[in-house]
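The values are calculated or read from the model by the stated rules, or taken from the named source; none is laboratory data. All values derive from a computational prediction rather than experimental measurement. Cβ placement follows ideal geometry from the backbone for every residue including glycine, while neighbour counts extend to all protein chains displayed.
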Amino acid sequence: MKSYAIFLGCTIPARQPNYEISARKVLEKLGVTLVDLDNFTCCCPPPIQSINLESSQAIAAYNICLAEEAGLDIVALCNGCFESLAMVNTALKNDKELKAHINEVLAKVGKEFKGSINVKHFLQVLVDDIGLEKIKENVVKPLSSLKVAPFYGCHSLRPSKLLQLDDPERPQIFENLLEALDAEPVEYRNKLKCCGGLLKGISDDTALELAREKLVNTTKAGADCISTLCPFCFVALDIGQLQVKTKFNEIYDVPILHYSELIALALGVNPDELALKSHKIKADKIIEKIA
Amino acid sequence: MPHHIEKTAKSFSEEVTCRHGGETLTACYQCGTCASSCPVARLDARFNPREIIKLSLLGEREEVVSGDAIWLCTSCFNCQERCPQNVEIADVFYALRNIAIEDGHSPNIYSDFASALTAEGRIVQISKFVEKKREEYGLPPLKPVGLDSLNKILSATGFTKPEKTEEKR
């Protein structure tokens, strides 16, 4: 089976052991090897692109070069890392002028972007590379009674021209994965809209309102939990519920689970091994439903 | 002075379009698809992507680069997906923000991001406590960050740390 260079980024190792643990356990169960490479840096996501777009592209390209040298495709767990790296990977593969320019910069640190690897979202590795059939075969605890609201976040899908993960208006890849686990994907209003995460510290009220409408709409749709692909969406919706309680006096109590956590549970990983304690909204009622 | 206004207008549009990300600005025909696709414009009267593009096209440089509006884009790319003229709107906002930062305008949080990036190679700091916890969780130790290379690339591309200002958040 294939090996990948795992790109952890900043937020996951700093704040979300639950995402990393579940992702590693799932891939181990499915026979995929992850390689932790030296010298990866920040991917340079939107906040850094906002300061200097060219610096951000060059640093993303530097990180891609490290994986090229190791001869490995990159798997990114975070939507932000996936977006930053995949955008630059596709752009440089298609634009000779930009590639030449970035390579002039990279020459200063002894690197050259060649365009020899792919940058994949963890979801793509699961669905496209490993395959839903293989995942189905390995499910020992089907999530049959679970209504799950899939939350894609922005940077798994858009800009679709460069990311090429799925149709940006009517994606199905996440729903298909949930169905492979025997869960029921739930449709809800504003499913593809932003969680507000990137407005934190800039316009906190708007950020919280964006998170709140997802809580309102998934609750109306009867979801048992929301499943996220991105650490920023996870925080916006998990810790966001505490902030919504304080500001609006509303309690939703809807657990947020990364898709990797749902898969790990379906593949029979012991919940005690998944650092579920790091969730602000406890996932106990979900664990009970699955058991 | 009409002559002066016209000259300024032309130069700001050009200033944006010759930048990385800003190339597609002038294709906008003000249909408003961006504004109706925007999750923020519904909630926050200060932000309307069509308006920012219009002001940029009209050469209202000062209003655009020193105002709050350009910082309220969440970079969700909904507008960019739907623009019938293929204006890369979110990328145009990156170009506008890059200009604003060179001019000394940005919310203070960007200074924090830049400090963390240049000092640690990451924009979110990882505490020693969290790093130690990895072993307990059965996670492999974190690999070293390529901080030297990162800082060389930043200086080769003219990255300057945005300064904090008193009156801002």
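Return the pairs, sorted by first residue and then second, in which the second residue is charged (D, E, K, R) and surrounded by fewer than 17 Cβ atoms within 10 Å (Cβ to Cβ), the first residue lies in segment B:10-22 and is touching a residue at least 24 places away in the same chain (Cβ under 8 Å) and on the phi > 0 side of the Ramachandran plot, the beta carbons are less than 7 Å apart, and the residues are 6+ apart or on different chains. Between residues of segment B:10-22 that are touching a residue at least 24 places away in the same chain (Cβ under 8 Å) and on the phi > 0 side of the Ramachandran plot and residues that are charged (D, E, K, R) and surrounded by fewer than 17 Cβ atoms within 10 Å (Cβ to Cβ), there is no close pair.
Among the residues in segment A:184-198, are any part of a helix (DSSP H, G or I) and either in the same structural domain as A:GLY268 (by TED's automatic domain parsing) or under 26 Å from B:GLU81 (Cα atoms) (or both)? Yes, the conditions are met somewhere in segment A:184-198. Quick check on segment B:130-145. Is at least one of its residues in a helix (DSSP H, G or I), in contact (Cβ under 8 Å) with a residue 12 or more places away in the chain and not assigned by TED's automatic domain parsing to the domain that holds B:ASP68? No - not one qualifying residue is present in segment B:130-145. No other residue among B:SER106, B:SER111 is under 16 Å from the mean Cα position of the chain (by Cα), within 8 Å of chain A (Cβ to nearest Cβ) and in contact (Cβ under 8 Å) with a residue 40 or more places away in the chain apart from B:SER106. Summed over segment B:130-146, the residues that are more than 7 Å from chain A (Cβ to nearest Cβ), surrounded by fewer than 13 Cβ atoms within 10 Å (Cβ to Cβ) and under 19 Å from A:CYS10 (Cβ atoms) give a count of 2.
Answer yes or no as to whether A:VAL216 is of a type in the set (A, V, I, L, M, F, W, C), more than 20 Å from A:GLN172 (Cβ to Cβ) and away from every other protein chain (no Cβ under 14 Å). No; evaluated as a whole, the condition is false for this residue.
Taken over segment A:18-54, the residue count meeting the criterion of being under 24 Å from A:ALA275 (Cα atoms), without any contact (Cβ under 8 Å) to a residue 40 or more places away in the chain, within 9 Å of chain B (Cβ to nearest Cβ) and in a helix (DSSP H, G or I) is 1.
Inspect all residues belonging to segment B:47-69 and state whether any of them is facing chain A (nearest Cβ under 8 Å), closer than 28 Å to A:CYS233 by Cβ and not hydrophobic (A, V, I, L, M, F, W, C). Checked against the condition, which is being facing chain A (nearest Cβ under 8 Å), closer than 28 Å to A:CYS233 by Cβ and not hydrophobic (A, V, I, L, M, F, W, C), segment B:47-69 yields no hits at all. Which one is nearest to B:ASP91 (Cα to Cα), of the residues in segment A:156-184 that are more than 14 Å from every other protein chain (Cβ to nearest Cβ) and among the charged types (D, E, K, R)? The selected residue is A:GLU175.
Exactly one residue out of B:SER155, B:SER127, B:SER149 is more than 7 Å from chain A (Cβ to nearest Cβ) and under 19 Å from A:PRO45 (Cα atoms), and it is B:SER155. In segment A:78-86 there is at least one residue matching the filter, namely being more than 14 Å from every other protein chain (Cβ to nearest Cβ) and either in contact (Cβ under 8 Å) with a residue 60 or more places away in the chain or within 22 Å of A:ILE290 (Cβ to Cβ) (or both). Of the numbered criteria (1) over 25 Å from B:HIS20 (Cα atoms); (2) touching a strand residue (DSSP E or B) at 6+ places or on another chain (Cβ under 7 Å), the one B:TYR137 fails is (2).
Restricting to segment B:70-98, and then to whatever is among the charged types (D, E, K, R), more than 7 Å from every other protein chain (Cβ to nearest Cβ) and part of a helix (DSSP H, G or I), can you tell me which residue is surrounded by the most Cβ atoms within 10 Å (Cβ to Cβ)? So the residue we want is B:ASP91. I'd like the full set of residues that are among the hydroxyl-bearing types (Ser, Thr, Tyr) and not in a helix (DSSP H, G or I), limited to segment B:104-114. Scanning segment B:104-114 gives a single hit, B:SER106.
Restricting segment A:99-116 to residues that are touching a Leu at 6+ places or on another chain (Cβ under 7 Å) and touching a residue at least 24 places away in the same chain (Cβ under 8 Å), which is surrounded by the most Cβ atoms within 10 Å (Cβ to Cβ)?
From segment A:99-116, those touching a Leu at 6+ places or on another chain (Cβ under 7 Å) are A:99, A:102, A:112-113, A:115; that's our starting set.
Okay, now just the ones that are also touching a residue at least 24 places away in the same chain (Cβ under 8 Å), so A:102, A:112-113, A:115.
On the way: A:ILE102: 26, A:GLU112: 13, A:PHE113: 23, A:GLY115: 14.
Looking at the filtered set, the residue picked out is A:ILE102.
So for segment A:55-73 (the condition being within 11 Å of chain B (Cβ to nearest Cβ), among the acidic types (Asp, Glu) and more than 17 Å from the chain's Cα centre (by Cα)), does at least one residue qualify? Looking for residues that are within 11 Å of chain B (Cβ to nearest Cβ), among the acidic types (Asp, Glu) and more than 17 Å from the chain's Cα centre (by Cα), one finds none in segment A:55-73, hence no.
Working carefully through the options A:GLY197, A:GLY153, find the one that is at positive phi, buried (at least 23 other Cβ atoms within 10 Å of the Cβ) and within 12 Å of another protein chain (Cβ to nearest Cβ).
Working: A:GLY197 fails: at positive phi.
Only one candidate qualifies: A:GLY153.
Checked against (1) more than 9 Å from chain A (Cβ to nearest Cβ); (2) of a type outside the set (D, E, K, R); (3) part of a helix (DSSP H, G or I), B:ILE101 passes all but a single condition, namely (1). All of (1) at the interface with chain B (Cβ under 9 Å from one of its Cβ atoms); (2) crowded, with 19+ Cβ neighbours inside 10 Å; (3) not acidic (Asp, Glu) hold for A:ASN190 with one exception: (2).
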